[in-house]
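Student: Here it is, the structure, as structure tokens.
All of the numbers you see were taken from the coordinates with simple rules; none came from a lab. On a predicted model such as this, the values are computed, not experimentally measured, just so you know. Reconstructed Cβ throughout: ideal geometry from the backbone, glycine too, with neighbour counts over all protein chains shown.
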């Protein structure tokens with residue numbers, strides 16, 4: 001089970017985009033990378049395929065290492081570490097290490 005999942009709100013703690021926040025768009029768990037909305041924006045040059053699909057420069061998000069982001073807890077609103085807890089029903093859930101609420 002990953003500590004950060006899709007649609008979580010995260011803040012960048014290292015790199016050129018330090019301090020920016022955004023929503024996680026997708027995760028590549030094999031490569032330990034994730035894509036955050038509006039962060040690490042890259043420009044890609046695209047050739048024209050035909051008259052209906054023009055070429056040009058497209059801006060899109062690039063990958064960031066998972067270790068360079070921290071989860072923003074929806075309960076307390078602070079940067080927090082993520083822990084795991086097994087409930088009485090046997091379900092494993094993510095919890096905020098600061099406020100001890102389920103994320």
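Student: Please give the contour-minus-distance gain from residue 97 to residue 18: 0.36 nm per residue of separation, less the Cα-Cα distance, rounded to one decimal in nm.
Tutor: 26.2 nm
Student: Moving to a separate point now. Assign one of three labels to the range 57-103, namely rounded, prolate or oblate, based on the Cα gyration tensor with a ≥ b ≥ c the square roots of its eigenvalues; rounded applies when a/c is under 1.5, prolate when it is not and a/b is larger than b/c, and oblate otherwise.
Tutor: prolate
Student: Taking the mean number of other Cβ atoms within 10 Å as a proxy for protection, how do you rank 79-92, 42-55, 61-74, 17-30 from highest to lowest?
Tutor: Descending mean neighbour count gives 61-74, 17-30, 79-92, 42-55.
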